[in-house]
Amino acid sequence: MSQAVEQFGKYILLERLAAGGMAEVYLSKSTGAVGVNKFVAIKRILPQYSDHQDFIEMFKEEAKIAVNLNHGNVVSIYDFGVERAQFFLVMEYVEGRNLRQILNELKKTNTQFTIEQIVYMIKEVAAGLDHAHRCIDGTTGKPLNIVHRDMSPQNIMVSFEGEVKIIDFGIAKAETQMEATKAGTLKGKYGYMSPEQADGQSIDPRTDIFSMGIVLWELLANDRLFTSNSEAAILRKIRECQVPSIRKINPSVPPELERIVNKALAKDKSLRYQTAAAFHRDLNRFLNTQYPEFSPHDFSVFMKNAFSAAFLEQRRKLVEFAKIQSQPSSEDKTIVTQTDMRTPQRPPAYAPPAEAAEGEERLDLDTSTDIRVNLDNLKTPPKPSMPKVPGATDTNITQTRTSATGTFASGPGTMTRTPSSVSPMGTRTSIGRPAPSSSMEDITGIAMKAVGALLVVVGLWWGYTNFVAKKSPGKSGATAGLTPKPATAGNAQAAGTLQQTELAATSPEYTVTIYSNPGGARVVIDGNDTGEFTPVRKTVKANTPYSLRLVKEGYTDLVTTITPTYEAYSFTGTLQRLPRVASLIINIVNGGANPELRIAGVPVSIKPSGDAYLIQAEVGVKIQARNKTTGLSAETTITVPADQRKIVDLYLK
């Protein structure tokens with residue numbers, strides 16, 4: 001399709017990413033020396049607002065604030081200027097989506113963030129906020145006292161690589177602002193304001209912490225916190241600050257995380273986290289203690305898999321945009337380039353690689369990681385150098401080298417390519433005209449060829465006998481394997497089983513994290529009790545279905561099948577409480593020091609004497625016990641009425 005791009009000063013505006021009431025953001029490119037390109041995002045004021053002084057001042061203030069920010073969790077500002085009477089900011093381009101867009105896309109596929117992913121994202125945002133709150137003016141050395149005032153999912157960017165960055169300090173308040181915010185004026189998104197912000201009171205960094213508490217609550221609940229059919233009703237809810245218990249909505253949330261959420265959402269500022277650093281510290285401690293195996297790499301893999309189509313399409317676009325060349329400035333500010341995402345057309349300045357066929361262009365995108373290829377077996381041993389015949393000059397010596405496409409003979413200052421053919425033994429033989437040589441050279445060449453042929457024959461015979469010896473244990477020498485074994489159905493079946501085993505051994509493995517709601521459920525995979533409890537992380541074969549059973553006392557067993565289709569795959573199962581429960585006290589006689597007890601086929605921990613096990617009422621439940629040392633065992637099936645307790649004595653024999 002034909003796509004128009006705009007030359008904007010020393011930048012090329014490639015694609016509009018977003019547009020608001022007074023400004024718009026473009027994916028852009030700056031071209032440096034020797035054609036070095038850098039993709040950036042340019043935010044510029046719309047032409048009709050270029051004379052709006054208040055907006056111009058706010059835009060300048062954003063530049064003054066953001067230019068002092070230098071942190072991995074804050075989008076960097078590279079440049080600020082005016083072009084054709086339009087103010088613009090040049091920002092870091094984040095190849096990804098904002099959090100609101102991500103949530104909308106995940107809902108379409110009925111996918112949710114896991115708890116550790118949510119905590120990781122908010123932790124990263126808190127780190128960026130802490131940097132902004134403590135930022136120093138580079139020109140005066142004084143604190144800027146920045147407050148973002150609009151912390152919401154729309155202003156949190158998450159890249160396909162798993163990076164989390166804060167954007168848009170457009171309405172941030174700093175003490176250096178030229179004109180203070182008028183009393184009663186509200187700035188920011190209503191659903192993410194703090195109570196003091198909704199009242200129009202003075203604000204400080206604790207306002208941003210409250211806003212991030214709202215985002216954290218919503219991610220865990222998978223729902224909005226403060227919402228209504230009118231802005232006035234939303235503001236009234238925020239002022240009242242009635243926050244439902246997150247564990248009642250999502251019981252899988254650990255109590256420690258609920259405490260963190262409640263502290264961030266405290267109505268009284270003095271009870272809230274006083275700094276973003278303290279908020280970050282608690283989130284980081286929770287993540288490290290509750291999910292010690294979590295890695296940002298897992299989050300990156302999740303993002304790439306969840307947005308694989310968008311990720312690959314964006315990479316293709318960037319490859320095409322990289323070919324667009326800057327044009328000299330003129331009255332015409334538009335460059336027209338032909339781009340076709342299915343069959344890319346090359347701009348005049350683009351030269352295809354030499355190995356590509358004419359009229360063909362390849363675009364190979366590989367998103368896999370940690371791939372190692374061993375090329376040692378492909379290396380060709382060096383050939384022994386030919387002895388130089390006494391009396392021969394350099395001009396009479398012809399060097400020969402063999403490649404995959406033929407034999408190249410080179411003399412002084414020349415290179416001649418001769419066709420080649422493959423001999424039955426698999427060696428490549430030149431059929432070109434041999435270079436002139438003396439009789440002594442002919443004799444030497446014939447002798448060396450004879451010796452080489454003899455070595456090849458001996459080597460093949462030796463390799464063949466060793467191969468047969470390995471395949472036929474118990475036989476040796478030339479007698480091993482000389483008499484072929486007749487093919488039978490059993491041999492064919494064994495060969496097929498061996499082939500399947502080899503394929504299974506070479507198939508990739510994925511890391512699977514299994515959660516349950518509530519947690520602490522025993523994990524049984526393919527009928528094998530793992531002895532572990534949720535949350536648990538297992539390494540299994542990729543793209544292979546597994547039978548999963550989650551067992552927890554007082555809940556109905558969850559039985560399902562999972563198929564890990566990507567790395568860092570996660571599954572969360574919700575257990576249902578038993579509709580009618582009963583209690584069972586089990587006494588094991590002759591069980592030894594550490595007997596084994598199974599209820600409904602699943603091993604359970606031995607409880608102290610007198611403690612009861614919860615089982616499903618009015619249903620036959622199999623009880624099994626075994627002495628691990630003597631091997632004595634007992635088994636019985638018990639049915640207990642609802643809300644009743646029964647004592648069972650198991651005599652092992």
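FYI, it's all coordinate maths here, none of it is from the lab. What you see is a predicted model, and the numbers here were worked out from it, not measured in a lab. Virtual Cβ from ideal backbone geometry, glycine too; neighbours counted across all protein chains shown.
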Exercise for the section: With label points built 7 Å along Cα→Cβ from the Cα atoms of T539 and Q53, find their separation and express it in nm. Expected result: 6.8 nm
Practice task
Set the Förster distance to 51 Å, then compute FRET efficiency between S547 and S76 from the Cβ-Cβ distance, nearest 0.05.
Solution key: 0.55
Practice task
Provide the FRET efficiency to the nearest 0.05 for the E95-N68 pair, computing r from the beta carbons and using R0 = 22 Å.
Solution key: 0.35
Exercise for the section: Kindly rank 237-248, 150-161 from highest to lowest mean number of other beta carbons found within 10 Å of each residue. Expected result: 150-161, 237-248
Fill in the blank from the handout: Non-local residues with an amide H under 5 Å from the amide H of A23, with H modelled 1.01 Å from N and Pro and chain starts lacking one, are L46
Completion exercise
Extend 7 Å from the Cα of V602 along its Cα-to-C-beta direction; within segment 528-558, residues with backbone N under 17 Å of that point are 528-537, 547-558
Fill in the blank from the handout: A chain fully extended from E83 to S609 at 0.36 nm per residue, minus the present Cα-Cα distance, gains in nm 181.1 nm
Completion exercise
When the charge dipole of segment 581-651 is computed with +1 on Lys and Arg Cβ and -1 on Asp and Glu Cβ about the Cα centre, the Cα farthest towards its positive end, among Y613, V602, V581, belongs to V602
Practice task
Please give the contour-minus-distance gain from E509 to E256: 0.36 nm per residue of separation, less the Cα-Cα distance, rounded to one decimal in nm.
Solution key: 87.8 nm
Completion exercise
Under the 7 Å Cα-to-Cβ spin-label approximation, K60 and L455 lie apart by a distance in nanometres of 8.2 nm
Handout entry: FRET E, pair N587, K263, Förster distance 45 Å, beta-carbon r, rounded to 0.05
Key = 0.45
Completion exercise
Mean Cβ-within-10 Å packing, highest first, puts peptides 313-321, 527-535, 87-95, 211-219 in the order 211-219, 87-95, 313-321, 527-535
Problem - Gyration tensor verdict on segment 508-574 (Cα atoms; rounded if a/c is under 1.5, prolate if a/b is larger than b/c, oblate otherwise) - result: prolate
Problem - Derived scalar couplings ³J(HN,Hα) [segment 599-609; Karplus, 6.51 cos²θ - 1.76 cosθ + 1.60; whole Hz; x for Gly, Pro] - result: 10, 6, x, 10, x, 10, 6, 6, 8, x, 4
Fill in the blank from the handout: Of the listed pairs K142/K267; K108/K304; K64/K142, those with alpha carbons more than 20 Å apart are K142/K267
